[in-house]
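The values are calculated or read from the model by the stated rules, or taken from the named source; none is laboratory data. Because the structure is predicted, anything quoted here is derived from the model rather than measured. Note that each Cβ is placed from the backbone with ideal geometry, even for glycine, and that neighbours are counted across all protein chains shown.
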Amino acid sequence: MTAEPRGKPAPPAVPWDIRRVYLDAAAASSPMARRVAETLPGVPRIVLEPGASPPELAPDELPAKGKNVLYLKEYKGRFLRPCPGTRRYYCCGYQIVHIGENCPMDCSYCILKAYFRDNVLKVWANQEDQFRALHEAFGADRSRRFRVGTGEFTDSLALESVTGHTRALLDFLKDYDNVVLELKSKKADLSWLDAVSRPDRVLSAWSLNAPEFSRLEEGGVSSLTQRLQAAKTCAQAGLGVCLHFDPIAHFPGWKAGYGEAVDMIFDYLKPEDVVYVSLGSFRYLPELGARMRREGRMPGYMAGEFVTGLDGKTRLLRSLRVPQLRFIAERLSARGLARKTYLCMESGEVWRDVFGRAPDGLGDPGGLAAHLRALAFDRG
């Protein structure tokens, strides 16, 4: 019997449905540009004239959600910067290694939608300039400790399979004993893990939320089970694990949802695997609400009672958010994470309502920042 003829195998899916790659002329021959050419071989590449920016895609080329234009940019700004917090709330003292802007995922609450007006995925391709700037900061005084991360203005790992940015950064940082790098993501991408030569100086970090909330409001992400399985793999490889409940949203059934999420952690991790856990109540800039209305979606969790905070962000009324923060903190404390749990951008009053105490100082080198640095560096 003659076998049925088989068609050609389907071409591999293009990550995030990226349809065009734009490059600054100065970045066109960079190592990152070569890596992107290898990982996206069939995607058109357009080199821009000096001073030009990528044009927007035509409406019929736009996906229903997400972004599909990648821009490899020669960045000329600051590669290392403090977290954009306010001195009026307790800040964790985290510093940002700035690697790019925008995220290919589609989370309804994403504050980046208020920060950035376009849908272009920007990645800084001039990594040699970045490494030079980081060396000036990290190498000037090797006794000064830095707790840094790449997941502030973009997701740390969402584009890793395309750009290889994290692998290159890990190779650069292996010579800096005074730096701990946190990689925060909603994707269970571990393609970079074999590049880790100093597991004691790398923190694998995942954002978590109530399972049903994540299913409804987080588009293009890995499931909570996949994230926690990736966290377990990293812990087994000797890396510390950080977890971030942010945003904690107020919706019917929130207590059961967040209780389930906390309990899931310990199906995969031991308390000693976890370096720290942050709790951040949902807050947003006014621009995010306006953008949601333009997009025709206003999730139910935005229908609660809100107040304008000291940082200009709209945040859940204190009488609503404190019970949520306390509930999650107490559930984590009962599993051995009392000293490892902190609040993201809250006042001393809220700290005292949740924990019965507040850190010693505001910002770095205050109590919270010093405590988290100690947890990050001295995990033994």
- Note on the structure: Among (1) within 23 Å of ALA376 (Cβ to Cβ); (2) hydroxyl-bearing (Ser, Thr, Tyr); (3) surrounded by fewer than 20 Cβ atoms within 10 Å (Cβ to Cβ), SER278 falls short only on (3)
- Item | Number of the condition not met by ALA369 [criteria: (1) surrounded by 14 or more Cβ atoms within 10 Å (Cβ to Cβ); (2) assigned to a loop (DSSP other than H, G, I, E, B); (3) touching a Phe, Trp or Tyr at 6+ places or on another chain (Cβ under 9 Å)] | (2)
- Filtered residues of region 116-125 (kept if touching a residue at least 40 places away in the same chain (Cβ under 8 Å) and surrounded by fewer than 20 Cβ atoms within 10 Å (Cβ to Cβ)): ASP118, ASN119
- Just checking, which of TYR284, TYR258, TYR268, TYR301 is without any contact (Cβ under 8 Å) to a residue 60 or more places away in the chain and aromatic (Phe, Trp, Tyr)? TYR268
- Which residues, counting only those in region 83-99, are in contact (Cβ under 8 Å) with a residue 60 or more places away in the chain and not in a loop (DSSP other than H, G, I, E, B)? TYR90, VAL97
- Among the residues of region 189-207, write down those that are in contact (Cβ under 8 Å) with a residue 24 or more places away in the chain and not in a strand (DSSP E or B). ASP189, LEU190, SER191, TRP192, LEU193, ALA195, VAL196, SER197, ARG198, PRO199, ASP200, ARG201
- Note on the structure: Here the residues within region 308-321 that are crowded, with 16+ Cβ neighbours inside 10 Å and under 13 Å from GLY289 (Cβ atoms) are LYS313, THR314, ARG315
- Looking for whichever is modelled with pLDDT under 95 and under 24 Å from the mean Cα position of the chain (by Cα) here; the options are LEU316, LEU332. Which one fits? LEU316
- Item | Test: VAL97 is within 20 Å of THR150 (Cα to Cα) and at pLDDT 95 or above | yes
- Message: The conditions are (1) at pLDDT 95 or above; (2) part of a loop (DSSP other than H, G, I, E, B); (3) under 20 Å from the mean Cα position of the chain (by Cα); (4) of a type in the set (D, E, K, R), and ASP118 fails exactly one of them. Which is it?
- Response: (1)
- Message: If I ask for residues that are out of contact with any strand residue (DSSP E or B) (no Cβ under 9 Å at 6 or more places or on another chain) and modelled with pLDDT under 80, which ones from region 65-87 would you list?
- Response: GLY85, THR86, ARG87
- Note on the structure: From the option list LEU310, LEU288, single residue qualifying as over 21 Å from GLY356 (Cα atoms), at pLDDT below 85 and assigned to a helix (DSSP H, G or I) is LEU288
- Query: Quick check: is even one residue across region 129-140 out of contact with any strand residue (DSSP E or B) (no Cβ under 6 Å at 6 or more places or on another chain), in contact (Cβ under 8 Å) with a residue 40 or more places away in the chain, within 27 Å of GLU346 (Cβ to Cβ) and surrounded by fewer than 19 Cβ atoms within 10 Å (Cβ to Cβ)?
  - Reply: no
- Task: Determine if region 183-196 includes at least one residue that is modelled with pLDDT of 95 or more, buried (at least 18 other Cβ atoms within 10 Å of the Cβ) and under 18 Å from PHE79 (Cα atoms).
- Result: yes
- Top-ranked residue in region 236-255 [being hydrophobic (A, V, I, L, M, F, W, C) and over 13 Å from GLU217 (Cβ atoms); ranked as farthest from the chain's Cα centre (by Cα)]: ALA237
- Message: Let me confirm something: among GLU295, GLU305, GLU287, which residue is surrounded by fewer than 19 Cβ atoms within 10 Å (Cβ to Cβ), in contact with a Leu (Cβ under 6 Å, 6 or more places away or on another chain) and closer than 18 Å to TYR109 by Cβ?
- Response: GLU305
- Query: Out of curiosity, is ASP155 crowded, with 23+ Cβ neighbours inside 10 Å and either in contact (Cβ under 8 Å) with a residue 12 or more places away in the chain or charged (D, E, K, R) (or both)?
  - Reply: yes
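To keep it simple, each residue is scored yes or no on (1) over 23 Å from PHE377 (Cβ atoms); (2) in contact with a Pro (Cβ under 8 Å, 6 or more places away or on another chain); (3) among the aliphatic types (A, V, I, L, M).
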| site | (1), (2), (3) |
| --- | --- |
| GLY149 | no, no, no |
| THR154 | yes, no, no |
| ALA188 | yes, no, yes |
| ALA210 | yes, no, yes |
| VAL241 | no, no, yes |
- Task: Within region 208-259, track down each residue that is charged (D, E, K, R), outside any strand (DSSP E or B) and closer than 22 Å to GLY149 by Cβ.
- Result: ARG227, LYS232
- Message: Criterion first (part of a loop (DSSP other than H, G, I, E, B), at pLDDT 80 or above and among the hydrophobic types (A, V, I, L, M, F, W, C)) does ALA52 satisfy it?
- Response: yes
- Message: I'd like to check something: does region 181-188 contain any residue that is farther than 21 Å from GLY240 by Cβ, in contact (Cβ under 8 Å) with a residue 12 or more places away in the chain, outside any helix (DSSP H, G or I) and in contact with a helix residue (DSSP H, G or I) (Cβ under 8 Å, 6 or more places away or on another chain)?
- Response: no
